[in-house]
Amino acid sequence: MSYALIVKLRNALILLPSLATLAATVFLLLTVHLNAQDGKQQFARLGQCKLENGAVIENCNIGYRTFGALNAARDNAVLMPTWLYGTSADLEGLFGDPKNATQDSQAKILVNTSKYFGIAIDSFGDGISSSPSNSETQHGTAFPAFSERDMVEAEYRVMTEALGLKHLHAVIGLSMGGEQTFAWAVLHPDFFDLAVPIIATPRLTPYDLEVKEIMLGTIYADPSYANGNYSTEPDLKLANLFGSLTVTTPEFRNTHTTRENFSAFVEQTEARQPIDANDRVWQLRAVIRHDLIGNRTLAEAARSTHADFLVIVSGKDHLVNPQPALEWAAVLGAPTYVSQAECSHLIMTCDAEAVSSRVRPFLDRGKTK
């Protein structure tokens with residue numbers, strides 16, 4: 001029995017008081033189904049996904065993984081979109097039961113799955129959800145340009161159509177996932193209660209745009225990229241090396257790489273990444289277009305949202321400037337945490353405990369306004 005069918009059957013049955021026992025049985029079946037799929041890659045087949053630029057993604061598929069179980073009220077779901085170049089598999093360590101985790105893994109758990117139904121969702125262009133690399137009918141450069149708003153609208157369809165949810169407890173995301181968290185708050189302000197954008201921004205600053213343009217330029221300039229019409233996956237050595245530079249600090253690199261092993265570090269860093277080159281380009285272009293403020297002021301955009309925010313940034317971030325997110329938090333009177341750790345944008349590498357010790361209590365407190 002498919003999950004969507006179970007949801008429809010349960011919703012129909014609970015309208016019939018005489019069949020209350022049967023409805024309870026179906027709900028139990030639903031819970032067992034979710035637990036059976038815990039952490040496994042799943043897909044929502046959405047047919048066509050219409051984009052804000054008027055284009056359409058054909059055979060639109062969105063990948064996701066679930067952790068834990070829905071409660072009886074179906075109001076404990078926490079959504080986490082993927083970061084730039086990341087997949088839902090990369091997010092698995094951020095979900096779990098802290099009581100059953102080792103000390104190292106415990107610090108990285110943001111969503112306590114003994115309390116919450118966690119959903120890690122693959123964003124467009126990550127090679128799991130619909131992407132230039134995996135589309136059969138719109139392959140490679142024929143794949144339409146998408147935005148982070150388009151990512152969120154597809155994710156909303158997964159929540160409502162595939163999972164049958166009418167409300168989320170929270171949306172949490174890191175980097176591009178955090179930008180999607182901001183977008184969720186603007187596009188669907190009443191669909192969830194708590195928003196936790198981490199090392200993210202509601203709109204790129206000129207500095208952010210400069211960094212992303214260089215990231216794109218290092219891909220475009222590689223002859224093996226061939227304007228996206230390559231037959232063999234390009235290595236993109238310079239792009240990989242520059243990407244490594246942007247996510248840390250000079251202090252971090254000097255601490256973790258000696259002059260003696262620098263050549264080995266460069267060789268390892270330049271190595272081909274698992275994500276397809278066109279997928280990288282399409283996601284980067286979506287990030288560059290990310291702007292939730294538009295012709296409004298930042299304060300007007302922030303006040304259009306209804307979720308309670310916890311904003312976490314890195315004060316030393318070289319990839320995403322923290323100022324817009326901090327200004328957003330100030331407008332709303334939202335709590336903030338400014339990490340000064342030398343790992344910078346890789347905040348869960350060396351400052352995970354400080355992050356999780358703020359996120360988990362925030363989720364537990366519930367909505368206050």
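Dividing the summed helix terms, -39500 (n - 2.57) for each DSSP H run of n ≥ 4, by the number of residues in the chain produces a 222 nm estimate of -11500 deg cm²/dmol to the nearest 500.
Full-extension gain between E210 and D90, please, as 0.36 nm times their residue separation minus the C-alpha to C-alpha distance.
Values: separation 120, 0.36 × 120 = 43.20 nm, distance 2.69 nm.
That works out to 40.5 nm of additional length.
What is region 208-284 by shape, rounded, prolate or oblate, if you read a ≥ b ≥ c off the alpha carbon gyration tensor as root eigenvalues and call it rounded for a/c under 1.5, prolate for a/b larger than b/c, and oblate otherwise?
Working: a/c = 2.74, a/b = 1.60, b/c = 1.71.
Oblate, because a/c is 1.5 or more while a/b does not exceed b/c.
Please work out the FRET efficiency for the pair T246 and S357, using the Cβ-Cβ distance as r and a Förster radius of 30 Å; give the result to the nearest 0.05. Please list the in-between numbers first.
Working: r = 27 Å, r/R0 = 0.89.
Taking R0 as 30 Å, the efficiency between T246 and S357 is 0.65.
Karplus-derived 3J(HN,Hα) values for region 244-250, using 6.51 cos²θ - 1.76 cosθ + 1.60 with θ = phi - 60°, are 5, 5, 6, 9, 10, 10, x Hz; glycine and proline are entered as x.
Gap in Å between the Cα centre of region 160-197 and the Cα centre of region 302-369? Taking the Cα centre of each part, region 302-369 and region 160-197 sit 15 Å apart.
Just want the answer: with Cβ charges of +1 for Lys and Arg and -1 for Asp and Glu, which residue in F242, A334, F143 is farthest toward the dipole's positive end in the chain? Checked the options; the winner is A334.
Any chance you could run the full-extension gain for D291 through F265? It's 0.36 nm times the residue separation minus the Cα-Cα distance, nm to one decimal.
Values: separation 26, 0.36 × 26 = 9.36 nm, distance 3.53 nm.
That pair, D291 and F265, stretches by 5.8 nm at full extension.
So how many Lys-Lys pairs in the chain land under 16 Å Cα to Cα, not counting same-chain pairs under 8 apart? Walk me through the numbers on the way to the answer.
Details: K8/K166; K99/K108; K99/K115; K115/K367.
For the chain, the number of qualifying lysine pairs is 4.
Determine, from the Cβ-Cβ distance of K99 and S304 and an R0 of 45 Å, the FRET efficiency 1/(1 + (r/R0)^6), rounded to the nearest 0.05. Efficiency for this residue pair is about 0.70. The Cα atoms of region 80-201 give a gyration tensor whose axes a ≥ b ≥ c have a/c of 1.5 or more with a/b greater than b/c, which makes the shape prolate.
Using only alpha carbon pairs under 8 Å that are at least six residues apart, calculate the relative contact order of the chain and give it in whole percent. Before the final figure, lay out the partial values.
On the way: 695 pairs, mean separation 61.5, N = 369.
It comes to 17 percent, rounded to a whole number.
Going by a ≥ b ≥ c, the root eigenvalues of the Cα gyration tensor, does region 243-361 fall in the rounded group (a/c under 1.5), the prolate group (a/b larger than b/c) or the oblate group? Note, shape of region 243-361 comes out oblate.
Computed from the coordinates by the stated procedures, all read-outs in this text should not be read as laboratory data. Quick caveat, the model's predicted, so the values are computed rather than measured. Backbone-built Cβ (ideal geometry, glycine too); neighbour counts: all protein chains shown.
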